[in-house]
Amino acid sequence: MNPYNTSVGGNGGRPGGAPAGMPSRPAPGGNGGNQNHNIFSTTPQPMSSQLGAFGNLYMSSNYNLELNPSANVGNPTANNMFDLQTLGPLSNTLGFLQDINDNNHLVNWRELMDDTKPEESAKKIQEAVAKGNTDRRVAASAIAAAVKTPADLSVVSKLEEDLQKEVRNAVLQDLLDQLTNPGVHPVSSAAEMLAEMSRLGLVRLPGVVAVVDQLLSDPEKRRAGVFVLGRVAEQNKGSEAFLKEVHDKPNIEQVLLALYKDPEFECDVVTITRLLGGDAALQSAVALRPSVEIPSSAPTTAIHYVRGRDELASVRGDGTIAFYGAPNSAGEVPPRVTLDLVGNCSPVGVSAPRSGQYVVVAGNPILPAFASHVEARRKTDGSKQPSVTAPVVQLFAPSEQPAGWVSGEAIQRTAGLTATAVSALSSTTISLAESHTTHDITLIDASTATAANTVAGAHSDYITVLTACESEFAFVSGSRDKVVKLWDSRKPGTASAVATMTNAAHGDTISAIQSFKSYIMTSSLDGTVLVWDARQLETPVASRTFASPVLSLCTLEERRTVVATARCLYLLSLESLSSIDATPNAVYTSLCANEKGNAVFAIGEKGVQVLGLRQRAA
C-alpha cells in the first residue's frame, strides 16, 4: 500500500470543493486569466519572479504563505468598502445567478468529464463552453469544480491552451487552499492531485518543490509538505532534474532528517529518502527484504512456524490448512499438502508445540465473509461434509506419507461459544480462548481430547492472543480489555494466574504477544510495544509508541524484533526498541519467524510473504 496513494471519496480529489456544476471563482483582485506571473507556469521563469507572483493567486482569506508580503490577499486596507471575505461569496452568488440567466447552470460538467476518453471529453467541454453565453472565467471555475480525481486531470491536460490555463488555475487555487489549511481539509487527496498536475505538465516542477519547501518550513503544514513531496518523489524517481530542485532547497533535507525522529513521520521520511537516493544517516547495515510470495486464493487468517519440521502451517478462509516447505528450484513455494478443516470451519488460530509433534487449529462455524470461498473449495474437491454448528478444535499429525500430514482428532466445543485464540503449550496441553457471557480459557488434554481445566472469566472482554512461553507450562494471554496476564497451566482455575501486567501498560486491544527467553513482548492497537522481564513483571523494561496501530510482532536472531504496524514494517533492537530498518507501505496482519531467526513469514493482502534478513551493500 502507498500512504501517498489515497483513495478518493466524498468530493473526490478536491475535498471541500464546490459541487459539480457549481462555480467556484476567484474573488476580485485575483489574477484570473493573467498567466504572466505564475510559479506553476510551463514557461520557465526566474525563481524570484515565480515566488513573488505567488500571492497574486486568490486562495482564500486564510491563505498566506508569506511569499509576497505586498500582496493584498487576506489583508484588505482600511479604505476598502468590503473585505475579500465579503466580496468572495458575493461574487460567487452573483456569478451563479448570471449562470442561471445564461442557462450555463444546465451544463453538467461532471458528466462530460470522462477520464477514460480524455481527448473526446476535452472536445465536448470546449464545445459546451463555446455554445454558452457565460463569461469564460465563470465556465472555467465550473469545469474546475467538476474535477474530482487525479484521473480527471487528464481531461484538463487535453483542453485548448487558454481554457486549460483558466481551469488549471481554478483547480490549483483550491488545492493550495486545502494544503495550507490542513486542519480543515484532508491533505492526502490534495497532494495526490498536485502531484498528478506536475506529472501531466500542468504545473512546473520548480514551483511544486518551492511550495513543498514552504510547507515543510511551517510546523503546522509539514504533513501537507510530506505528502506532496512523497507523491512527487515517487513520480520522479531517478529524475536528475527533480533531485537538483530538491537539493537546491537545503531546508527540505534538514527538515526530513529532523522528522525522521518523529514517530508520526518516520515511515514517510524513509520512503522519501529512498526515492531521493538515500541518506547515509538513515541507512542500516541489515534490512528486511521480501524474498518469496506464497499466494492464496482465499484469505489467510493465521500462520505458525512448525519447529522441528521447518514448515509453515497456514489456515485460510476456505476452511483449509496448508503446509509449506522450502522453495523449489524455480523459487516457488507450492503447498506440500492442503487438508480440509472439519466442516470447512472458519479458522481463528493455528499453533504447534516446540517439539512439532502436532498442529492444532481452532475454528468457528463458517463466517458469512468466507462462505463464497468455502463454496468454491467444495466445488473443487467435491467435499460434502456438513458445516459445524459450534467451535471446533482439530489436531493434525505428522505422517511418513509423502504429504507429511494427516487429519487427526476433532474436538467439538459447546454451541453458542466463540473460539477466539489457541496455543499449543506442550505435547499434551492446548490452551483455548472462548467467549459467550464470560471470556474463558480452557486447557485441553490433547491425548484424551477432553477439557482438563477451565479459567472462567479469565478476562473481562474477548481474548485476542494466547502465546506459549519458553516453559511448556506457562503461557500469556492478551485481551480487548487491554490487559496482559501470565498463567501457569499446572494450577487450577483462577489460581493459575501468576501475574497481571497493568502498570504503565497498554491503552487498547492487545494485538500480539511474543515470548523470547526471559523476555515477553506485548503490543497493542494503541501503537505501543512493551518489553517485560518475565522474572519481574511490575513494570516494562522498554517501551515504544508508534504513530499507527501495532498489528503483530516476532523476534529474530541477534536480539532483533520485527514489528508490523498499520503503515510500516520495522526491524528493531530488542533491548532498546530503536529502529534498525523500516519498510514503508508494507502492511502485514500477522508475523512469525523461523527457528534460525533469519526469515519472517507475514500475512499480507495476497497471501503470505516471506522476508529475509539481508546485509546492505556498502
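The values are calculated or read from the model by the stated rules, or taken from the named source; none is laboratory data. Note that this is a predicted model, so its numbers are computed, not measured. Glycine gets a Cβ as well: all are built from the backbone with ideal geometry, and neighbour counts include every protein chain shown.
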*Being among the polar types (S, T, N, Q) and either without any contact (Cβ under 8 Å) to a residue 12 or more places away in the chain or not in a loop (DSSP other than H, G, I, E, B) (or both) is the filter here, so list the residues in region 292-322 that pass it.*
300, 301, 314, 320
*Does region 543-552 contain at least one residue that is within 25 Å of residue 441 (Cα to Cα) and out of contact with any Gly (no Cβ under 7 Å at 6 or more places or on another chain)?*
yes
*in contact with a Cys (Cβ under 8 Å, 6 or more places away or on another chain), in a loop (DSSP other than H, G, I, E, B) and either modelled with pLDDT under 95 or surrounded by fewer than 16 Cβ atoms within 10 Å (Cβ to Cβ) (or both), is that true of residue 427?*
no
*Hey, among the residues in region 122-153 that are among the small types (Gly, Ala, Ser) and surrounded by fewer than 22 Cβ atoms within 10 Å (Cβ to Cβ), which one's farthest from residue 204 (Cα to Cα)?*
132
*asked:* Show me the strands (runs of 3 or more DSSP E) entirely contained within region 534-618 in which 1 or more residues are within 21 Å of residue 351 (Cα to Cα) and not β-branched (Val, Ile, Thr).
replied: 550-556, 560-565, 590-593, 599-603, 607-615
*asked:* Give me the strands (runs of 3 or more DSSP E) completely within region 323-418, filtered to those with at least 1 residues that are under 30 Å from residue 596 (Cβ atoms) and among the aromatic types (Phe, Trp, Tyr), ordered by residue number.
replied: 392-398, 405-412
*Provide a single number: the residues in region 152-183 that are within 29 Å of the chain's Cα centre (by Cα) and either modelled with pLDDT of 95 or more or of a type in the set (Val, Ile, Thr) (or both).*
5
_Taking the conditions exactly as written (part of a helix (DSSP H, G or I), touching a residue at least 40 places away in the same chain (Cβ under 8 Å) and surrounded by fewer than 20 Cβ atoms within 10 Å (Cβ to Cβ)), does residue 253 satisfy them or not?_
no
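Residue by residue, here is whether (1) exposed (fewer than 14 other Cβ atoms within 10 Å of the Cβ); (2) touching an Asp or Glu at 6+ places or on another chain (Cβ under 8 Å); (3) over 21 Å from residue 356 (Cα atoms); (4) at pLDDT 95 or above holds:
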| residue | (1), (2), (3), (4) |
| --- | --- |
| 435 | no, no, yes, yes |
| 447 | yes, no, no, no |
| 455 | no, yes, yes, no |
| 466 | no, no, no, yes |
| 470 | yes, no, no, no |
| 474 | no, yes, no, no |
| 479 | no, yes, yes, yes |
_Residue count, region 534-563 (criterion: of a type in the set (A, V, I, L, M, F, W, C) and more than 22 Å from residue 615 (Cβ to Cβ))_ = 9
_Count - residues of region 174-210 that are more than 21 Å from residue 140 (Cα to Cα) and without any contact (Cβ under 8 Å) to a residue 40 or more places away in the chain_ = 2
*Scope region 383-422; condition of a type in the set (D, E, K, R) and either over 23 Å from residue 336 (Cα atoms) or modelled with pLDDT of 95 or more (or both); matching residues*: 384, 413
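Here's the yes/no breakdown for (1) acidic (Asp, Glu); (2) modelled with pLDDT of 90 or more:
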{"position": "210", "(1), (2)": "no, yes"}
{"position": "214", "(1), (2)": "no, yes"}
{"position": "218", "(1), (2)": "yes, yes"}
{"position": "222", "(1), (2)": "no, yes"}
{"position": "226", "(1), (2)": "no, yes"}
{"position": "230", "(1), (2)": "no, yes"}
{"position": "239", "(1), (2)": "no, no"}
{"position": "244", "(1), (2)": "no, yes"}
{"position": "263", "(1), (2)": "no, no"}
*Name the residues in region 471-499 that are assigned to a strand (DSSP E or B), closer than 20 Å to residue 527 by Cα and out of contact with any Gly (no Cβ under 7 Å at 6 or more places or on another chain), would you?*
476, 477, 478, 479, 485
_Exclusive hit being touching a Ser or Thr at 6+ places or on another chain (Cβ under 7 Å) and closer than 22 Å to residue 312 by Cβ, set 455, 406, 393_ = 406
